[in-house]
Amino acid sequence: MKCSHCNEEIGELSLFFGSKTPYHYLVLDEAARQNRCEINKDLCVIDQNQYFIRGDLEIPILGTGDIFIWSVWSSISECNFTRVNDLWNSTARQNESAYFGWFSTQLPIYPNTLNLKCEVQTREVGVCPKILLESTDHPLAIEQRKRITMERVHEINHLIGHETK
Ligand SMILES: [Zn+2]
């Protein structure tokens, strides 16, 4: 497959990009990560007073049945973080009301995405929460609301995908 933007030969288009850690972890040096953080692929605590959860910001792709996913982090309150842990293996977690959060991933290719208001909707066991941005004029919020074209998915792959290869 050729990239429609630079004509380079590329592999499969990726419908999934994101960050394996919250921004707040990413910016710490190794010692601080060791001493101040607890992290796994889904949850992160920094200084025992900042709580983060990983989720999917889903953007349906127009004219297809496919969904593009930004894997991102949000902060949540200590109280909600405790609930997340209590309900981790419980079917009750899919009936939770959405938790308030602050977007905690700095996505490339957009204006600043840190600290956008969002909602964290937990889902069934084994599925990470859905993250919904507040409906604003931020380009990412607009894309979430209006969906994106396959052409935009090509562009995102061009801007991120083969930049990191
Ligand atoms: Zn390209």
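The values are calculated or read from the model by the stated rules, or taken from the named source; none is laboratory data. The structure presented is a predicted model; accordingly, all values stated were derived computationally and were not measured. Note that each Cβ is placed from the backbone with ideal geometry, even for glycine, and that neighbours are counted across all protein chains shown. These accessible areas exclude ligands, DNA and RNA; they are computed on the full protein's heavy atoms, side chains included. Shrake-Rupley method; radii C 1.70, N 1.55, O 1.52, S 1.80 Å.
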### Task
With a 1.4 Å probe and every protein chain left in place, tell me how much accessible area Tyr110 has, in Å² to the nearest 10.
20
### Query
Roughly to the nearest percent, how much of the accessible area of the chain is carbon and sulfur, given a 1.4 Å probe?
49
### Message
Straight-line reach only, C-alpha to C-alpha below 17 angstrom: list the lysines that Lys2 could link to, leaving out same-chain residues fewer than 8 apart.
### Response
Lys165
### Summary
In whole angstrom, largest first, the equivalent ellipsoid semi-axes that the Cα gyration tensor gives for segment 16-163 are 26, 19, 13
### Query
Which whole-Hz couplings ³J(HN,Hα) result when phi for each residue of segment 112-127 is put into the Karplus expression 6.51 cos²θ - 1.76 cosθ + 1.60, θ = phi - 60°, listed in order with x for Gly and Pro?
2, 10, 5, 6, 6, 6, 8, 10, 10, 10, 6, 10, 4, 3, x, 10
### Query
Residue-wise, which Karplus ³J(HN,Hα) couplings in Hz belong to segment 28-38, taking 6.51 cos²θ - 1.76 cosθ + 1.60, θ = phi - 60°, and x for glycine or proline?
7, 7, 4, 5, 5, 4, 5, 8, 10, 10, 10
### Task
Please list, in chain and number order, the residues 5+ apart from Asn115 or on another chain whose amide H is under 5 Å from its amide H, with Hs placed from the backbone.
Phe103, Ser104, Thr105
### Query
So, counting K/R as plus one and D/E as minus one, what does the shell of residues with Cβ under 9 Å around Tyr99 add up to?
-1
#### Entry: FRET efficiency, 1/(1 + (r/R0)^6) with R0 22 Å, evaluated for Asp66 and Ser4 via beta carbons
0.85
### Query
So what is the orientation-averaged projected area of segment 1-67, using the convex hull of its C-alpha atoms, in nm²?
6.9
### Message
How far apart, in nanometres, would the label points at Leu114 and Leu87 be if each is projected 7 angstrom from Cα along the Cα-to-Cβ direction?
### Response
3.0
### Query
Taking springs between alpha-carbon atoms closer than 10 angstrom, which of Gln106, Gln34, Gln94 fluctuates most in the Gaussian network model of the chain?
Gln34
### Contour minus Cα-Cα distance for Ala98 and Lys41 (0.36 nm per residue)
18.5 nm
### Message
Could you check the spin-label model distance between Glu58 and Cys128? Points 7 Å from the Cα along Cα→Cβ, value in nm.
### Response
1.4
### Message
Looking at the chain as a GNM with Cα springs under 10 Å, which of Glu38, Glu30, Glu143 has the largest mean-square fluctuation?
### Response
Glu30
### Fully extended contour minus Cα-Cα distance, from Gln48 to Gln106, at 0.36 nm per residue
18.7 nm
### Summary
Highest GNM mean-square fluctuation among Ile109, Ile69, Ile61, for the chain with Cα springs under 10 Å, belongs to Ile109
